[in-house]
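Peer 1: I have a structure here, written as structure tokens, and I will follow up with some questions on it.
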Amino acid sequence: LGAGRSATEACRPLRIEAPIGSRIFRMAIIGAYEYGRNAAESYSCYAEGEQGGLCALDDRVLQVVRQLKRQEPDTLVIVFPHWGPNYKWKTALQAQMADALLQAGADLIIGHGAHMLQEIERHDQKWVVFSIGNFMVNSPGRYAKYQAPPVSLAARLVITREGTLLGRALELFPIMTDNLRTGYQTRFVTREEFDDICGMLSEKGHLELTRSGPIRLGADEFGHFLRLDLGTV
């Protein structure tokens, strides 16, 4: 996912199909890495033509998304970009690329690479999770140094039967990922921490967090979560 032995293979989506009742749920995930001069010039890490490497987050990804949605309008197309600065909130470049991906037809963007959660925003009935941050990382982290929230997100896609339709939702579980705090033992956040995170995300993403609506608050045996409605198909 996101790399291959040629440019075509590197940007080829990961395809997942699952029978749900009488329907077949289809999903395509496109992994890509934002362009960086050092990565390109010093490491030649991007796939070009028949040269292997990473899928660059550029017009090629937009073309893959357009073709997918044109040929398979009911397939859930998720773009999974590695982008953005470490331990900081989203940049203008991330916002511009997110808009371009959504206009091309992406149904959902789940970003990563910032080592912390970033803004969650809704654009034209579609969701952009700019960064889910870390899950397990072997470095101590620099949250305190950059005064960054020491929190990331674990994502779970939920598909349900709703009559003849398939309901789709993304559940995001905040997790504490500051290894200096947890002794390298990532954990789900407490209720108090969850409330603080909701307030922060609400302010950053201009979200209204309630127990109804397109983004809802919930909890299960694992922990507290945000549930993003992805619509039905």
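Peer 1: Sort out which residues of the stretch 125-182 are of a type in the set (D, E, K, R) and in contact with an Asp or Glu (Cβ under 9 Å, 6 or more places away or on another chain), and write them in order of number.
Peer 2: LYS126, ARG156, ARG168, GLU171
Peer 1: Next question, about the same structure. Does GLU208 qualify as being surrounded by fewer than 21 Cβ atoms within 10 Å (Cβ to Cβ), in contact with a helix residue (DSSP H, G or I) (Cβ under 6 Å, 6 or more places away or on another chain) and either in a strand (DSSP E or B) or modelled with pLDDT under 95 (or both)?
Peer 2: no
Peer 1: Would a scan of the stretch 52-72 turn up a residue that is out of contact with any helix residue (DSSP H, G or I) (no Cβ under 6 Å at 6 or more places or on another chain), at positive phi and not polar (S, T, N, Q)?
Peer 2: Among the residues of the stretch 52-72, at least one is out of contact with any helix residue (DSSP H, G or I) (no Cβ under 6 Å at 6 or more places or on another chain), at positive phi and not polar (S, T, N, Q), which makes the answer yes.
Peer 1: Out of the residues in the stretch 94-115 that are aliphatic (A, V, I, L, M) and touching a Phe, Trp or Tyr at 6+ places or on another chain (Cβ under 6 Å), state the one that is surrounded by the most Cβ atoms within 10 Å (Cβ to Cβ).
Peer 2: LEU108
Peer 1: So, one more: Kindly indicate whether any position in the stretch 156-165 is in a loop (DSSP other than H, G, I, E, B) and open to solvent by 30 Å² or more (accessible area, probe 1.4 Å).
Peer 2: Scanning the stretch 156-165, I find at least one residue that is in a loop (DSSP other than H, G, I, E, B) and open to solvent by 30 Å² or more (accessible area, probe 1.4 Å), so the answer is yes.
Peer 1: Can you confirm whether the stretch 42-50 contains a residue that is over 25 Å from GLN96 (Cβ atoms), open to solvent by less than 20 Å² (accessible area, probe 1.4 Å) and assigned to a loop (DSSP other than H, G, I, E, B)?
Peer 2: no
Peer 1: Test ALA32 against the stated conditions and say whether it is surrounded by 14 or more Cβ atoms within 10 Å (Cβ to Cβ) and either more than 26 Å from PRO73 (Cβ to Cβ) or within 15 Å of the chain's Cα centre (by Cα) (or both).
Peer 2: Spelling it out, ALA32 is indeed surrounded by 14 or more Cβ atoms within 10 Å (Cβ to Cβ) and either more than 26 Å from PRO73 (Cβ to Cβ) or within 15 Å of the chain's Cα centre (by Cα) (or both).
Peer 1: Another question, then. State yes or no: is THR177 hydroxyl-bearing (Ser, Thr, Tyr) and in contact (Cβ under 8 Å) with a residue 60 or more places away in the chain?
Peer 2: When the stated conditions are applied, THR177 passes them.
Peer 1: For the stretch 52-93, give me each residue that is open to solvent by less than 60 Å² (accessible area, probe 1.4 Å) and among the aromatic types (Phe, Trp, Tyr).
Peer 2: Once the filter is applied, which keeps residues that are open to solvent by less than 60 Å² (accessible area, probe 1.4 Å) and among the aromatic types (Phe, Trp, Tyr), the stretch 52-93 yields TRP83, TYR87, TRP89.
Peer 1: Next question, about the same structure. Just to be sure, is ARG70 more than 16 Å from the chain's Cα centre (by Cα) and outside any loop (DSSP other than H, G, I, E, B)?
Peer 2: When the stated conditions are applied, ARG70 passes them.
The values are calculated or read from the model by the stated rules, or taken from the named source; none is laboratory data. Not measured: the values here are computed from a predicted model. Glycine also receives a Cβ, built like all others from the backbone with ideal geometry; neighbour counts cover every protein chain displayed. The protein model used for the area step is the full one, side chains on, heavy atoms only, and it has no ligands, DNA or RNA in it. Shrake-Rupley method; radii C 1.70, N 1.55, O 1.52, S 1.80 Å.
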